[in-house]
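Colleague: Please find one structure pasted underneath; my questions will follow.
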């Protein structure tokens, strides 16, 4: 989690400097291709979010791209913190 904490602080600085909120923010995650991991990632987003998925060539992973209206930098960071609790998740 230490690596993630550092990454999130770096992300916070970039977001505060370069992103005007509220706006639609794009999240991209890769998770193992199983129903449990997929359900956990999907649960991070509300019904109004646009979510696209794609299975890897070998079928072992699934990438998810979600676009959601975010109101603050803190809300984006909290979404990533929740995502990082999902086993096997990679955030891009």
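Colleague: Pairs, please: C-beta under 7 Å, at least 6 apart or cross-chain, first residue at negative phi and free of Cβ contacts under 8 Å to residues at least 60 places away in the same chain and in region 68-92, second exposed (fewer than 13 other Cβ atoms within 10 Å of the Cβ) and part of a strand (DSSP E or B)?
Modeller: Partner pairs satisfying both residue conditions: 68/24; 69/24; 70/23.
Colleague: I would also like to ask the following. Could you list, in sequence order, all residues of region 12-56 that are more than 15 Å from residue 89 (Cβ to Cβ) and touching a residue at least 40 places away in the same chain (Cβ under 8 Å)?
Modeller: 12, 15, 16, 19, 21, 22, 23, 24, 25, 26
Colleague: Hey, another quick one. Within region 25-53, restricting attention to residues that are loosely packed, with under 11 Cβ neighbours inside 10 Å and touching a strand residue (DSSP E or B) at 6+ places or on another chain (Cβ under 9 Å), which residue is modelled with the highest pLDDT?
Modeller: 52
Colleague: In region 57-66, which residues are surrounded by fewer than 16 Cβ atoms within 10 Å (Cβ to Cβ) and either touching a residue at least 24 places away in the same chain (Cβ under 8 Å) or within 13 Å of residue 26 (Cα to Cα) (or both)?
Modeller: 59, 60, 65
Colleague: In addition: Looking at region 67-87, which of its residues are surrounded by 13 or more Cβ atoms within 10 Å (Cβ to Cβ) and assigned to a loop (DSSP other than H, G, I, E, B)?
Modeller: 84, 86
Colleague: Something else about it: So which residues in region 25-44 are closer than 20 Å to residue 73 by Cα and in contact with a helix residue (DSSP H, G or I) (Cβ under 8 Å, 6 or more places away or on another chain)?
Modeller: If the condition is that a residue be closer than 20 Å to residue 73 by Cα and in contact with a helix residue (DSSP H, G or I) (Cβ under 8 Å, 6 or more places away or on another chain), then 25, 27, 29, 41, 44 are the ones that fit.
The values are calculated or read from the model by the stated rules, or taken from the named source; none is laboratory data. Here the structure is a predicted model, which is why all the values come from computation and not from measurement. Note: ideal-geometry Cβ built from the backbone for every residue, glycine included; neighbour counts use all protein chains shown.
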